[in-house]
Amino acid sequence: MLMCPVCREQLTLNERTWRCENAHSFDLAKQGYVNLHVVQHKHSKTPGDTVESVTARREFLSKGHYAPLKNEIENILKTLNQKTLLDIGCGEGYYTDAMQQHVEHCIGVDIAKTAVQRAAKLNREITWVVGTGAILPVQDKSIGICTSLFSPIPQQEILRVLKKDGFCLVVTPAPQHLYAMREALFDQVNLHEPNKFVQQLQDHFTLVEQKRVEAPLTLSSEDLKNLIAMTPYAYKAKPEKRQQLEKQNNFEVTACFNILLFIKK
Ligand SMILES: [Zn+2]
């Protein structure tokens, strides 16, 4: 199912190397992922998440704070009965790992090598790829469902890789997501706008389901540090406000998500 990033032919895994018929080859790293992010597509040496944000996300998510979202996504996948899933922007793999249980073939792709390295240790059943959303690493019409959780939505590429009647599942922060936390960090809080994705996708996709998931959280100082480090708040907030918030314990805040399920027109 994987596509050569150089010539776009099919890649086949032999021993620990993915090869295409034009002799481009990509070795599996010892952690079990493959890097298909070829040099000419790179904009920086270490694109994507930093080691700190990946570690913070792994620690925060492993405590189950966002389990209500994970469970709801699994419920949707159970009803869809798809065989192939591509998770775009898989990060350190918390949701990808859960989604894999409900499909036959699961591929996770992220531009951040540090994140994919962590992800690869989590679940050996998944094909983990370092790559970019600008060129999704799979062949045309090979995927039953693409997922993008808090990640970019490369619409033309999703259209290319999806099978006929394929699905696209998008998770975005709801307007009130982590409102109390953002109030503590910023002088002015801008609400998230989840509906912009529906408008962006409406030419080529039909919205078939929309769900809202809320997770009330009581966060320790350590949880707050991790949560801030895994979001853009880490560099957007004023340092003194951030330090003040990170000292709190039993901080109450609600995470709110929108799950949008689209079908290709
Ligand atoms: Zn090739």
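The values are calculated or read from the model by the stated rules, or taken from the named source; none is laboratory data. Given the structure is predicted, the values throughout are model-derived calculations rather than measurements. Cβ sites come from the backbone with ideal geometry, for glycine too, and all protein chains shown count toward neighbours.
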Scan of segment 1-25 for residues that are more than 9 Å from the ligand (Cβ to nearest atom) and either loosely packed, with under 12 Cβ neighbours inside 10 Å or farther than 15 Å from residue 160 by Cβ (or both), ordered by number: 12, 13, 14, 15, 16, 17, 18
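Determine, yes or no, whether residue 52 is part of a helix (DSSP H, G or I), away from the ligand (no atom under 16 Å from the Cβ) and at pLDDT below 95. Explain how you work it out, then say what you get.
Working: part of a helix (DSSP H, G or I): yes; away from the ligand (no atom under 16 Å from the Cβ): yes; at pLDDT below 95: yes.
Yes; evaluated as a whole, the condition is true for this residue.
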Failed condition for residue 74, given (1) in a helix (DSSP H, G or I); (2) more than 16 Å from the ligand (Cβ to nearest atom); (3) at pLDDT below 95: (3)
Close pairs from segment 162-186: first farther than 30 Å from residue 81 by Cβ, partner among the charged types (D, E, K, R) and assigned to a strand (DSSP E or B), Cβ under 8 Å, at least 6 apart: 180/252
Of residues in segment 81-118 being among the small types (Gly, Ala, Ser) and within 20 Å of residue 169 (Cα to Cα), the one surrounded by the fewest Cβ atoms within 10 Å (Cβ to Cβ): 98
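So, residue 245, is that one out of contact with any strand residue (DSSP E or B) (no Cβ under 6 Å at 6 or more places or on another chain) and modelled with pLDDT of 95 or more or not? Show your work before the answer.
On the way: out of contact with any strand residue (DSSP E or B) (no Cβ under 6 Å at 6 or more places or on another chain): yes; modelled with pLDDT of 95 or more: yes.
Criteria met by residue 245.
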Some residue of segment 61-74 being of a type outside the set (Lys, Arg) and in contact with a Leu (Cβ under 8 Å, 6 or more places away or on another chain): yes
Unique residue being buried (at least 17 other Cβ atoms within 10 Å of the Cβ) and either assigned to a loop (DSSP other than H, G, I, E, B) or more than 19 Å from the chain's Cα centre (by Cα) (or both) when the list is 245, 227: 245
Residues of segment 230-242 satisfying the condition of being free of Cβ contacts under 8 Å to residues at least 12 places away in the same chain and either under 25 Å from residue 75 (Cβ atoms) or part of a helix (DSSP H, G or I) (or both): 235, 239, 240
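Identify all residues within segment 26-39 that are of a type in the set (A, V, I, L, M, F, W, C) and either more than 13 Å from the ligand (Cβ to nearest atom) or closer than 22 Å to residue 84 by Cβ (or both); write none if there are none.
To start, the set of residues in segment 26-39 that are of a type in the set (A, V, I, L, M, F, W, C) comprises 26, 28-29, 34, 36, 38-39.
Scanning segment 26-39 gives 26, 28, 29, 34, 36, 39.
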